[in-house]
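Some notes on the structure that comes next.
Just so you know, all these numbers are worked out from the coordinates, no wet-lab data involved. For clarity, every value in this text was computed on a predicted model and none was experimentally measured. Here Cβ is always computed from backbone atoms with ideal geometry, including for glycine, and neighbour counts include all displayed protein chains.
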């Protein structure tokens, strides 16, 4: 009986660990990152990540209320995303209330959070020398 309790408890703990890891991979930011790097996600010819590798250049996009892209103004992050999907990736705009839009917007917003982390200070050069 004691062995059965240990086995059941072990299985329960393993299940919690596996489900926690599974849930992390299915956060909106993670799904958005997958979409961001998939050229076929929106029926286009290239992925967002081809123009913005690793999200480069979008670090502050989650904070903005208005965007100027290719001489045009978009009044929200979702409009800016669709503008790029249609004009840069040659894809089809997605519904601003769709899960895909929520996920890719969550990923773009997460890029700013990565910048908020303190950076390591560079090592001081020794005084004097050449």
(message) Below 8 Å between Cα atoms, with a sequence gap of 6+, how large is the relative contact order for the stretch 28-115 in percent?
(response) 42
(message) Once you place label points 7 Å from the Cα toward the Cβ at residue 6 and residue 56, how far apart are they in nm?
(response) 5.5
(message) Using a Förster radius of 25 Å, what is the FRET efficiency between residue 38 and residue 97 based on their Cβ-Cβ separation? Nearest 0.05, please.
(response) 0.75
(message) List residues of the stretch 84-103, by number, whose backbone nitrogen lies under 11 Å from a label position 7 Å along Cα→C-beta of residue 76.
(response) 95-98, 102
